[in-house]
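Okay, so here's the structure we're looking at.
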Amino acid sequence: MMSKQVRTAIFPVAGLGTRFLPATKATPKELLPVLDTPLIQYAIDEARDAGIERMVFVSHPSKSAIERHVMDDAALRAELKARGKPAIAAVLEENAFCHTSDDVSFVMQHEPLGLGHAVLCAKDAVLPGAVAVLLPDDLILEQNCLKEMVAAYAEGAGHMVASMQVPLEDTAKYGVLAVTGRSGRLLQADGMVEKPKPQQAPSRHAVVGRYILDPIVFDRLENQTPGAGGEIQLTDAIASDAKNCGLSGFSFSGRRFDCGSKAGMLRATLHLAAQDPECADVLRDFEAASPPSFAA
Ligand code: UTP
């Protein structure tokens, strides 16, 4: 049976998305599509399927397009139906949140002061108990990572972070766990370091963007001073409680794509295109062409 301990998911979506400029000048990074679906929608679908009851989006006033995507647009659906496109209208209705229900909430982070600060902004909007945090630019396909984590999360387990092994030379791109033991898919850890150089990395177990956090994290974040990059780091708040509240890494079984980078976005797109009947031919033509070309 699905655990009801994790009822809220927080989606931090207020960042500047500088690595994707100029694409993200007017379009939020979280709305960039992998094929025809925006990154944020994959994360919402994952959270819904994991049994989450309330979704809290930490956004920025300049990124109102996210709210337009997430919330229902009855006028658009009516227009689509009138134009003989009921199937896509039904998809939009299924994906969207209804304006009158309390299963969704938007809070604003007026300045992008860091991921930890973004999570703190959600404090008053969450339901009691541990909270999930999903970073939409970490796209995890094939298995529902949050669902696996919720199933593995035990009451009073402290903080749990999704984790995967990375090459030593890549540790500076991630938060990295100080691992003390392992049992099955759970790694016990007594600390976590943000973006360590390879020679300072406590392990090769990197943290990716799925977290289940004990609510004590909000107290820690309230008193958190800026860390790496001058930002209020979620990693520091989690690490500060690792010893007294507990910290584990979870080896998830899905496939993760770093859609915060161009290369990761391209990999994710090619991965899904290969499974899409409309796109698979294009990929085959591309592979067969010499020199490669996408010309029609
Ligand atoms: P990233 O660091 O990947 O996103 O944060 P970014 O800062 O927008 O992108 P770059 O590095 O400049 O290209 C991961 C997630 O956390 C959110 C981002 O929107 C993204 O979804 N975030 C980050 C916030 O909500 N607030 C922040 O202060 C920082």
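The values are calculated or read from the model by the stated rules, or taken from the named source; none is laboratory data. All values reported here derive from a predicted model rather than from experimental measurement. Heads up, the Cβs are rebuilt from the backbone with ideal geometry, glycines too, and the neighbour counts pull from every protein chain shown.
What to note about this one:
- Test: residue in the stretch 242-264 that is within 16 Å of residue 187 (Cα to Cα), out of contact with any Cys (no Cβ under 8 Å at 6 or more places or on another chain) and among the charged types (D, E, K, R): yes
- Selection of the stretch 49-61 for residues being small (Gly, Ala, Ser) and away from the ligand (no atom under 12 Å from the Cβ) yields 50, 51.
- Filtering the stretch 65-78 to residues that are out of contact with any strand residue (DSSP E or B) (no Cβ under 9 Å at 6 or more places or on another chain) and away from the ligand (no atom under 14 Å from the Cβ) leaves 68, 73, 74, 75, 76, 77, 78.
- From 39, 21, 32, residue being out of contact with any Asp or Glu (no Cβ under 9 Å at 6 or more places or on another chain) and within 12 Å of the ligand (Cβ to nearest atom): 21
- From the list 111, 155, 94, the lone residue that is more than 15 Å from the chain's Cα centre (by Cα), charged (D, E, K, R), exposed (fewer than 12 other Cβ atoms within 10 Å of the Cβ) and within 16 Å of the ligand (Cβ to nearest atom) is 111.
- Counted residues, the stretch 1-58 - those being over 13 Å from the mean Cα position of the chain (by Cα), closer than 18 Å to residue 95 by Cα and polar (S, T, N, Q): 2
- Selection within the stretch 12-57 - under 16 Å from residue 139 (Cα atoms), touching a residue at least 60 places away in the same chain (Cβ under 8 Å) and in contact with a Pro (Cβ under 6 Å, 6 or more places away or on another chain): 30, 39, 40, 43
- Residues (out of contact with any helix residue (DSSP H, G or I) (no Cβ under 7 Å at 6 or more places or on another chain) and hydroxyl-bearing (Ser, Thr, Tyr)) located in the stretch 28-59: 37, 42
- Pairs, first of a type in the set (S, T, N, Q) in the stretch 154-174, second assigned to a loop (DSSP other than H, G, I, E, B), C-beta under 6 Å, six or more apart: 165/204; 171/196; 171/201
- Boolean, residue 146 is closer than 16 Å to residue 250 by Cα, within 16 Å of the ligand (Cβ to nearest atom) and modelled with pLDDT of 95 or more: yes
- Filtered residue count, the stretch 247-278, keeping only those that are part of a loop (DSSP other than H, G, I, E, B) and among the small types (Gly, Ala, Ser): 5
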